[in-house]
1. Here are S248, S240, S224: which of them is without any contact (Cβ under 8 Å) to a residue 12 or more places away in the chain and more than 27 Å from D77 (Cβ to Cβ)?
2. Could you check the range 71-98 and list, in sequence order, the residues that are closer than 16 Å to S140 by Cβ and either free of Cβ contacts under 8 Å to residues at least 40 places away in the same chain or polar (S, T, N, Q) (or both)?
3. So, in the range 54-89, how many residues would count as being under 27 Å from V271 (Cα atoms), among the charged types (D, E, K, R) and in a helix (DSSP H, G or I)?
4. So which of S101, S56, S65, S125 ends up being without any contact (Cβ under 8 Å) to a residue 40 or more places away in the chain and polar (S, T, N, Q)?
5. Pick out the one residue from K26, K36 that is farther than 26 Å from E82 by Cα and modelled with pLDDT under 95.
6. Looking at (1) of a type outside the set (F, W, Y); (2) under 17 Å from the mean Cα position of the chain (by Cα); (3) closer than 18 Å to E268 by Cα, find the lone condition where P124 falls short.
7. Can you pull out every residue in the range 219-238 that is aliphatic (A, V, I, L, M) and not in a loop (DSSP other than H, G, I, E, B)?
Amino acid sequence: MGVTTTVASRKGKELRELSRETTANKKRKPWKSRRKQRKTMLPIQRLFNTCKDVFSGSGANVIPSPQDIARLKAVLDWIRAEDLGLSLDMPYFQTNGSETSPQITYLHLYESERFSMGIFCLPPSGVIPLHNHPGMTVFSKILLGTLHIKSFDWVVDAPIRSSSTANHTEAEPLSARLAKVKVDSNFTAPCNTSILYPADGGNMHRFTAVTACAVLDVLAPPYSDADGRHCTYYTDHPFSRMSVEGLSIPEDERRGYAWLEEREGPEEIDVVGAEYHGPMFVDN
């Protein structure tokens, strides 16, 4: 009886130890698998997976949570031009010097009703004119070169200068809305990702290539004429160019404001699409 009990006890102990070891292995293996996956996952795949998760509930004027904003920004901050197969010796970044408005190339990566990803390739002096992003949250990451960004946000409750306003002169825009300058600076790669929101962060912006440069753009949701999210272009006028009764801004602050006037789609911009040949992602 004593021997039988001892054997049974030993067997039970061995089974318990085996069970603990098996449980421990089960806990370790997925961790090791995830760690290996993180090490081997391509940056473009990690970006796509994060966008798909962050923008799962995307819609016009829907801003992701601060935690999701930070998570996606962290992924974009680590992406480099070489991760996407880009280099300045590519033909997208060249110009013959005689072009007044160098051709800009757009490399399409992905688009759904939730979000889009793409890369703008600008030769030196290439310009993407002042335009808006209605109802969108936009992440822009400069991958190559130096880019000048000038952006604006609307001044809430400011008077709108309309074509019916009296005392209009030829030097003044017929219809314009007051905006505040958000950014007016050069940015050189590598640099952190910039983010704009539906009503803040510089929703209207203009890109001017100081040198050849590449910009990775993530838009959520994308432009959609059917849903009323079409791209509107603007001309910006100095604040001093016009006056509106009841509106006064101190002299030393006026450079931080401008009047934005809607315009037709600019003829001077020449954007062409091209196939992306860099590392690709899988939509699981």
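1. Answer to the selection: S248.
2. Passing the criteria: A74, V75, W78.
3. Result for the range 54-89: 4.
4. S65
5. Of K26, K36, the one residue that is farther than 26 Å from E82 by Cα and modelled with pLDDT under 95 is K26.
6. (2)
7. L219, A220
Per-residue answers, yes or no, for (1) touching an Asp or Glu at 6+ places or on another chain (Cβ under 8 Å); (2) surrounded by 13 or more Cβ atoms within 10 Å (Cβ to Cβ):
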{"position": "L247", "(1), (2)": "no, yes"}
{"position": "E251", "(1), (2)": "no, no"}
{"position": "W259", "(1), (2)": "yes, yes"}
{"position": "E262", "(1), (2)": "no, yes"}
{"position": "P266", "(1), (2)": "no, yes"}
{"position": "D270", "(1), (2)": "no, yes"}
{"position": "G273", "(1), (2)": "no, no"}
{"position": "H277", "(1), (2)": "no, no"}
{"position": "D283", "(1), (2)": "no, no"}
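The values are calculated or read from the model by the stated rules, or taken from the named source; none is laboratory data. The structure presented is a predicted model; accordingly, all values stated were derived computationally and were not measured. As a convention, Cβ positions derive from the backbone with ideal geometry for all residues, glycine included, and neighbour counts pool all protein chains shown.
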